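Take a look at the structure set out below.
The values are calculated or read from the model by the stated rules, or taken from the named source; none is laboratory data. Here the structure is a predicted model, which is why all the values come from computation and not from measurement. For neighbour counting, all protein chains shown are included, and Cβ atoms are generated from backbone atoms with ideal geometry for every residue, glycine included. Ligands, DNA and RNA are stripped out before the accessible areas are found, and what is left, the full protein with its side chains, is counted by its heavy atoms. Shrake-Rupley method; radii C 1.70, N 1.55, O 1.52, S 1.80 Å.
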Amino acid sequence: MTGTCLLTPRHQRGPLKVSGERYGSSALGAPLLYFPAEHTSSDTGLILAGTHGDEAASIAVLSCALRTLLPGQRHQHLVLCVNPDGCQLGLRANANGVDLNRNFPTDNWQDANTVYRWNSATPERDVQLSTGEYPGSEPETQALCSLIEHLDPAWVVTFHEPLACVDDPDRSSLAGWLSQAFSLPQVEHIGYPTPGSFGSWCAERQLPCITLELPAVSADDASERYLSPCVTLLQQKFLYQCC
């Protein structure tokens, strides 16, 4: 990792002055944007957030991190919001009622409803969503797969909520750094099956993928607790080395 650089003064971090590049359109026609790395190398990674529209804390803190960096400091690619329709509508799913994290074209995709918990205080996983008409049926899924094939990142970190852990089956050095920087335990499995997930899709392509699950946290609390490690994650060079 390189040394820490100067950052944008806080009072200048209001607007998002970096222009994202369009890589597709959502089901409702919203632009799908990514922010390309300003310095790329063989170890440049991709960071994702907002796959589930009801998980907004990581979107907010990564936006804060993007606005904190000065021009020319970003070493990773970034997609702030994989699912803009879900975020606008307050849905976990996209506008078609599909859980995008069960819609990827994987060998283990299942043509059945998927379930999730209404909130972190509800023990039952009984709220139903579709996995799509077929693997990779959704425009958001198709666009993200095409983007990754184009970018060919060395690794991916995908942000979710609210399980409060760092999930990496390889127990890589990057996962170890994330665990320490975000004060979250490191695990090798999320604890339940995830057919058709983004992680499964990456594994089939031998693309290293770390799922970083924030706890149940407000955007305000997330920006206080996680801004510094998010800035470092975007700014520094990381090698994905398996333990």
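So that you can scan it fast, the table gives a plain yes or no per residue for (1) buried (at least 21 other Cβ atoms within 10 Å of the Cβ); (2) over 18 Å from the mean Cα position of the chain (by Cα); (3) in a loop (DSSP other than H, G, I, E, B):
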| residue | (1), (2), (3) |
| --- | --- |
| 11 | no, yes, no |
| 19 | no, yes, yes |
| 28 | no, yes, yes |
| 39 | no, yes, yes |
| 53 | yes, no, yes |
- Query: Of all the strands (runs of 3 or more DSSP E) wholly in region 93-173, which have at least 3 residues that are under 30 Å from residue 42 (Cβ atoms)?
  - Reply: 156-160, 163-167
- Out of 223, 218, 197, 228, which single residue is in contact with a Lys or Arg (Cβ under 9 Å, 6 or more places away or on another chain) and of a type outside the set (Asp, Glu)? 197
- Message: Taking the conditions exactly as written (part of a loop (DSSP other than H, G, I, E, B) and open to solvent by 30 Å² or more (accessible area, probe 1.4 Å)), does residue 43 satisfy them or not?
- Response: no
- Any residue in region 23-39 that's farther than 14 Å from residue 151 by Cβ: show its pairings with residues that are open to solvent by less than 40 Å² (accessible area, probe 1.4 Å) and part of a strand (DSSP E or B) at Cβ separation under 7 Å, as long as the two are six or more apart or on different chains. 25/32; 26/32
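Considering each of 81, 145, 87 in turn, give the residue that is surrounded by fewer than 19 Cβ atoms within 10 Å (Cβ to Cβ), modelled with pLDDT of 95 or more and in contact with a Gly (Cβ under 8 Å, 6 or more places away or on another chain).
Details: 81 fails: surrounded by fewer than 19 Cβ atoms within 10 Å (Cβ to Cβ); 87 fails: surrounded by fewer than 19 Cβ atoms within 10 Å (Cβ to Cβ).
Of 81, 145, 87, the one residue that is surrounded by fewer than 19 Cβ atoms within 10 Å (Cβ to Cβ), modelled with pLDDT of 95 or more and in contact with a Gly (Cβ under 8 Å, 6 or more places away or on another chain) is 145.
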- Of all the residues that make up region 191-243, how many are under 23 Å from residue 77 (Cβ atoms), touching a residue at least 12 places away in the same chain (Cβ under 8 Å) and in a loop (DSSP other than H, G, I, E, B)? 10
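Is it the case that some residue within region 108-130 is at positive phi, open to solvent by 40 Å² or more (accessible area, probe 1.4 Å) and of a type outside the set (A, V, I, L, M, F, W, C)? Even if it seems obvious, please write down each step before you answer.
First, the residues of region 108-130 that are at positive phi: none.
Looking through region 108-130, none of the residues is at positive phi, open to solvent by 40 Å² or more (accessible area, probe 1.4 Å) and of a type outside the set (A, V, I, L, M, F, W, C).
Assess whether residue 166 counts as being touching a Cys at 6+ places or on another chain (Cβ under 6 Å) and of a type outside the set (Gly, Ala, Ser).
On the way: touching a Cys at 6+ places or on another chain (Cβ under 6 Å): no; of a type outside the set (Gly, Ala, Ser): yes.
It is false that residue 166 is touching a Cys at 6+ places or on another chain (Cβ under 6 Å) and of a type outside the set (Gly, Ala, Ser).
Can you confirm whether residue 181 is open to solvent by 10 Å² or more (accessible area, probe 1.4 Å), modelled with pLDDT of 95 or more and either charged (D, E, K, R) or in contact with a helix residue (DSSP H, G or I) (Cβ under 6 Å, 6 or more places away or on another chain) (or both)?
Numbers: open to solvent by 10 Å² or more (accessible area, probe 1.4 Å): yes; modelled with pLDDT of 95 or more: yes; either charged (D, E, K, R) or in contact with a helix residue (DSSP H, G or I) (Cβ under 6 Å, 6 or more places away or on another chain) (or both): yes.
It is true that residue 181 is open to solvent by 10 Å² or more (accessible area, probe 1.4 Å), modelled with pLDDT of 95 or more and either charged (D, E, K, R) or in contact with a helix residue (DSSP H, G or I) (Cβ under 6 Å, 6 or more places away or on another chain) (or both).
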- Note down all Cβ pairs under 6 Å where the first residue falls in region 49-72 and is at negative phi, the second is aromatic (Phe, Trp, Tyr), and they're at least six residues apart or on different chains. 49/159; 58/159; 61/226
